[in-house]
Structures are given as C-alpha cells and as structure tokens.
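Nothing in this text is a laboratory measurement; each read-out follows from the coordinates by a stated rule. Because the structure is predicted, anything quoted here is derived from the model rather than measured. Cβ atoms come from the backbone with ideal geometry, glycine included; neighbour counts cover every protein chain shown.
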C-alpha cells in the first residue's frame, strides 16, 4: 500500500519499539484501550493481546479496510472510521486508556481534544515529535517552556518515557520522536478562579517571549485590567518574562486580574 501523503503518515515498523511502547503503557488487562491512527496495526495486535478491548479510530478508508481484514474477526476489536480532530471521545466509553503514534501534523489539536475529554481518559501514552515533548515537559526558565507547557501541566501529570529513532518508521520522518505519558488530573495542582482568564493571561504573557510581562500584559483584551501594585505586592515583578513564571505564579497573576475584572 502506498503512503498517502496528505495525511502525513509515518508508519511505525520496528517491532521492538512497538513492544516497548505497549510495555510502558501499563495496559489494564480488563480495561479498554483507544488507539488513534493505528495505521497498519503494528501496535494494534500487541494492544489486543494485552487489553480487555480495543477501539481503533482511523480516518484513512484504505487503512480501515486493511485493519478490518487483519483484526475484524477478533471480538475484542472495534473500528471507527473517523477524524480524531472531530471525533466525540465520550462515545468511546466511560473510562479508557489511550495509546497512539499520533500523526505529527495533527498531534496538538488531538492531544488538546483528549484533555478536553479527560474525565473519560485514564491516561495517554503518545508518540510525538521530540521538540513537542520537550515543550510539554519543560520547566520555567528553559527555552522550551511556553503556554503549551503550562496548559498541559495544569491538566495532566507529564512523564517522558522513551526516545525513538527515525529508522523505526517507514518512511523515516524528518524529525526525532519521543513517547510521553499524560495522566489527567482530577483537580488542577493550583487554585484558579476562572480558567478562561487563566488561559488568556498565559497566552498573552508568552505572546512576545522576549518582552517583559509589563509590556505583554498590555495586550490583554478589555475589560481586563492590570493592577501593577497588587501584582507586585503578590511577589510577581512585571520586569520578568513569562518564561520565568511557575504554574503557581500564573495562577496568582490570573486570579488577581480576574478579581480586578470583577
């Protein structure tokens, strides 16, 4: 089967890498797994051997045909032909694990969509572009730290699991890959009065990474107002850059701006 270029598919072909990903995923033998973008099924047959049941979500109709022929007789296998960027993940079940070699062109919107459905997700073991994983696990005052780091760490416990070389794929991608586990948190690790305000403040703080908070926060939409005295009294100096703020400091800043908004 020829690779379908528009879908940006790089198929995992290394059986040792596939086995290690499934091992790291800690599959519940009585639980359900959702695999997004199973492709040619190199992870699928390993997951079926470990899980109680598996739901595969695949957008490519040609690959769906191959998967049905390969796994359709297995009573534990279910296939949904759908785009993961629009699929209603609540329809996949009440609680399940996610394992996926996500297509890199769509990885971020799919991951953020999964976080939106986090009450259904036990955990996610995802293979992503290494540079993206660098951002997800980044700490304050590092180059990779940004709004994506803050968003992800607000909603999930983040663990880097393994690195994967280009030669594990066909065709080999131009970028390096890493595997990560995201475990949704029942409650955020910090207290936030208004999530919409929090995300708006974080995105604004990182809008120009080299600018100080004082300048970036001028970009907040009305009716949000910045009370410099209250913010600095809380220990957040506005001559700092957004990349130096911890999750707790972003929560404090957001709550002060939200209180002033009220």
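Quick look at the values:
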{"read-out": "Most mobile listed residue (205, 49, 82) in the chain, GNM with C-alpha springs under 10 Å", "value": "49"}
{"read-out": "Estimated [θ] at 222 nm from DSSP helical runs (n ≥ 4, -39500 (n - 2.57)) normalised by residues in the chain, nearest 500", "value": "-9500 deg cm²/dmol"}
{"read-out": "Average silhouette area of segment 144-183, convex hull of alpha-carbon atoms, in square nanometres", "value": "3.5 nm²"}
{"read-out": "Degrees separating the helix 247-261 axis from the principal Cα axis of the chain, which is the longest one", "value": "60 degrees"}
{"read-out": "Three-way shape call for segment 1-109 based on the alpha-carbon gyration tensor, with the a/c threshold at 1.5", "value": "rounded"}
{"read-out": "Highest-MSF residue in the chain out of 232, 58, 35 [GNM, Cα springs under 10 Å]", "value": "232"}
{"read-out": "Principal axes of segment 5-184: Cα extent on each, largest first, Å", "value": "52, 36, 29"}
{"read-out": "Cα gyration tensor, segment 195-261 - rounded (a/c under 1.5), prolate or oblate", "value": "rounded"}
{"read-out": "Residue of 224, 104, 96 that the Gaussian network model of the chain assigns the largest fluctuation, springs spanning Cα pairs under 10 Å", "value": "224"}
{"read-out": "Relative contact order (percent, whole number), segment 47-177, Cα cutoff 8 Å, 6+ residue spacing", "value": "17 percent"}
{"read-out": "In degrees, nearest ten, helix 15-24 long axis to first principal axis of the chain (Cα)", "value": "50 degrees"}
{"read-out": "Distance between modelled label sites at residue 49 and residue 158, nm, 7 Å Cα→Cβ extension", "value": "3.3 nm"}
